[in-house]
1. Of the residues that sit in segment 7-33 and are polar (S, T, N, Q) and modelled with pLDDT under 95, which one is surrounded by the fewest Cβ atoms within 10 Å (Cβ to Cβ)?
2. Out of everything in segment 34-46 that is farther than 15 Å from GLY18 by Cα and outside any strand (DSSP E or B), what residue ends up being modelled with the highest pLDDT?
Amino acid sequence: MRAVETFARKGNAENPSGPVEFYLRHGFTVQRDDPEFPLLRLDLAH
């Protein structure tokens, strides 16, 4: 694997995805912003 991608959630705690802030603190970057479910990515290859 070279990267991990996930959809995170903004705002509503009822959404099943993890919160955006958690992923950003762990090195993920926003690949596609969305008002509810942005796509985040963590590059693994150095």
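The values are calculated or read from the model by the stated rules, or taken from the named source; none is laboratory data. Computed from a prediction, not measured in an experiment: that's the story for all the values here. For neighbour counting, all protein chains shown are included, and Cβ atoms are generated from backbone atoms with ideal geometry for every residue, glycine included.
1. Going through segment 7-33, the residues polar (S, T, N, Q) turn out to be 12, 15, 17, 29, 31.
With modelled with pLDDT under 95 added as a condition, the list becomes 12, 15, 17.
On the way: ASN12: 9, ASN15: 14, SER17: 17.
If we take residues in segment 7-33 being polar (S, T, N, Q) and modelled with pLDDT under 95, then ASN12 is surrounded by the fewest Cβ atoms within 10 Å (Cβ to Cβ).
2. Filtering segment 34-46 down to residues farther than 15 Å from GLY18 by Cα leaves 43-46.
Of the ones still in play, those that are also outside any strand (DSSP E or B) are 44-46.
Details: LEU44: 95, ALA45: 81, HIS46: 67.
By that ranking, first place goes to LEU44.
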